[in-house]
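The values are calculated or read from the model by the stated rules, or taken from the named source; none is laboratory data. Computed from a predicted model, the values in this text were never measured in an experiment. With ideal geometry, Cβ positions are generated from the backbone for all residues, glycine too; neighbour counts draw on all protein chains shown.
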């Protein structure tokens, strides 16, 4: 009797387990599928033809920090073209404060007669009021910012109408009136555009500047057989004088860069006496120029060698 009862219980368990599965044939191989893994059934809604599940399904969740802070608007611009290629580092930190810049205009027009540098400053506790006018006294664009160790603030932007480079500075970051000057021209007569600025030096008061000579298509001239070559400039006294003015980097010549790399296809950074410049394009070599003596000399390092020199597409 006990054996019969045990047999009945065993059969009941087997039947119960098998009831949870069905056999399907996939390419001739039988696979058992758990019925509990089937998706929830759906029914039609009374509103339109949208189908809703009979049972609720967990919504997708996204992980994020509970301490995430909201963005703070610091200014506006209706001038959309903030760069032609890579974006400049337009934020500068100094002594727990931050200065930020952008190409500013609020005329909502391509002509943008009010175009110039939009500027705002964070004093360690709050951002200032969004600007309603540019920093410069003339129409400029493509600003680049740096703060030297003496606390002075520097903004360099190009004045495209006159092909001049404007340098605005003030003794204390975040406050005071700006003083505007024009930077030296290449070879005394040629003009430059689209600047990028970095701060370095043994005392933190060196300004390192790269830009390109105005291309022929923009009213410029060839230099050493190149159209729109990158040039390098340096000031070691916080912009009072420039002891290097628009030098051509070593290994940057007409055999490789006859057509240039284009506006904004370059970047610069500096830490102490180390200066690094990177430039290139889709049809040119990508290279780094590195200096360990505060920009006096540079060594060129090929990062990516484009196989066809001076490729003309």
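Things to note:
Residue by residue, here is whether (1) part of a strand (DSSP E or B); (2) loosely packed, with under 14 Cβ neighbours inside 10 Å; (3) in contact with a helix residue (DSSP H, G or I) (Cβ under 8 Å, 6 or more places away or on another chain); (4) in contact (Cβ under 8 Å) with a residue 24 or more places away in the chain holds:
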position	(1), (2), (3), (4)
74	no, no, no, yes
78	no, no, no, yes
107	no, yes, no, yes
110	no, yes, no, no
138	no, no, no, yes
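Rundown of residues vs (1) at pLDDT below 95; (2) touching a strand residue (DSSP E or B) at 6+ places or on another chain (Cβ under 6 Å), yes/no style:
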| position | (1), (2) |
| --- | --- |
| 204 | no, no |
| 248 | no, no |
| 256 | yes, no |
| 262 | yes, no |
| 299 | no, yes |
| 311 | yes, no |
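- The conditions of being surrounded by fewer than 17 Cβ atoms within 10 Å (Cβ to Cβ) and more than 26 Å from residue 162 (Cβ to Cβ) are met by residue 297.
- Criterion violated by residue 181 - all others in (1) in contact with a strand residue (DSSP E or B) (Cβ under 8 Å, 6 or more places away or on another chain); (2) part of a loop (DSSP other than H, G, I, E, B); (3) over 25 Å from residue 265 (Cβ atoms) satisfied: (2)
- Residue count for region 214-246, restricted to those that are touching a residue at least 40 places away in the same chain (Cβ under 8 Å), within 26 Å of the chain's Cα centre (by Cα) and either in a strand (DSSP E or B) or under 21 Å from residue 296 (Cβ atoms) (or both): 8
- Long-range neighbours under 8 Å by Cβ, at least six apart or interchain, first residue free of Cβ contacts under 8 Å to residues at least 12 places away in the same chain and at positive phi within region 252-268, second part of a loop (DSSP other than H, G, I, E, B) and buried (at least 18 other Cβ atoms within 10 Å of the Cβ): none
- If the condition is being crowded, with 21+ Cβ neighbours inside 10 Å and in a strand (DSSP E or B), then region 254-291 contributes 266, 268, 270, 275, 277, 279, 287, 289, 291.
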